[in-house]
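Q: Just dropping this structure here.
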Amino acid sequence: MASIEAKIPVLYFQEGKKVIAYSPALDLSSCGDTEQQARKRFGEAALIFLSEIHKMGTIEEVLEECGWHKVPNQHTWAPPVYKSCTEESVKIPAGV
């Protein structure tokens, strides 16, 4: 199977004793005991995910749902472009 390479954002954060790797570009996550392990597992999960949606014939539908678009005249896909990442304040009702 031919493939293309794309750079996508992956966020790493601590949840208890685990490190979570999450990418909004694929709405996919994985975890590990360390960031290195979470990174490795995310790469494996992404490969499996993309291979399976390709086999199922749904790769175009899934990538479009995740915000990807086809690059005209290049037979390739481009991930969504994120303009910024910030922390926003929210109010959580008391008692939650």
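Q: Has segment 65-76 got at least one residue that is among the hydroxyl-bearing types (Ser, Thr, Tyr) and either open to solvent by 100 Å² or more (accessible area, probe 1.4 Å) or modelled with pLDDT of 95 or more (or both)? Before the answer, list the steps.
A: Taking segment 65-76 first, the residues among the hydroxyl-bearing types (Ser, Thr, Tyr) are 76.
Filter once more, keeping what is either open to solvent by 100 Å² or more (accessible area, probe 1.4 Å) or modelled with pLDDT of 95 or more (or both): none.
No - not one qualifying residue is present in segment 65-76.
Q: Turning to a different aspect of this structure: Within segment 77-91, take every residue that is small (Gly, Ala, Ser) and part of a loop (DSSP other than H, G, I, E, B) and give me the one that is modelled with the lowest pLDDT. So that I can check it myself, show each step before the final result.
A: Looking only at segment 77-91, we keep the residues that are small (Gly, Ala, Ser), and these are 78, 84, 89.
Filter again for part of a loop (DSSP other than H, G, I, E, B), leaving 84, 89.
On the way: SER84: 89, SER89: 94.
By that ranking, first place goes to SER84.
Q: Going by the conditions given, is SER89 among the polar types (S, T, N, Q) and under 16 Å from the mean Cα position of the chain (by Cα)? Break it down into steps so the answer makes sense when it comes.
A: Values: among the polar types (S, T, N, Q): yes; under 16 Å from the mean Cα position of the chain (by Cα): no.
No: the conditions fail for SER89.
Q: May I ask you to list the residues in segment 5-54 that are assigned to a helix (DSSP H, G or I) and of a type in the set (A, V, I, L, M, F, W, C)? Break it down into steps so the answer makes sense when it comes.
A: Step one: filter segment 5-54 for residues assigned to a helix (DSSP H, G or I), giving 35-54.
Matches in segment 5-54: ALA38, PHE42, ALA45, ALA46, LEU47, ILE48, PHE49, LEU50, ILE53.
Q: Is there any pair linking a residue in segment 16-33 that is of a type in the set (A, V, I, L, M, F, W, C) to one that is in a strand (DSSP E or B) and open to solvent by less than 10 Å² (accessible area, probe 1.4 Å), with Cβ under 6 Å and at least six apart or on different chains, and which?
A: VAL19/GLY32
The values are calculated or read from the model by the stated rules, or taken from the named source; none is laboratory data. These numbers were taken from a predicted model, which means no experiment stands behind them. Note: ideal-geometry Cβ built from the backbone for every residue, glycine included; neighbour counts use all protein chains shown. The area values use the complete protein model at the heavy-atom level, side chains included, leaving out ligands, DNA and RNA. Shrake-Rupley method; radii C 1.70, N 1.55, O 1.52, S 1.80 Å.
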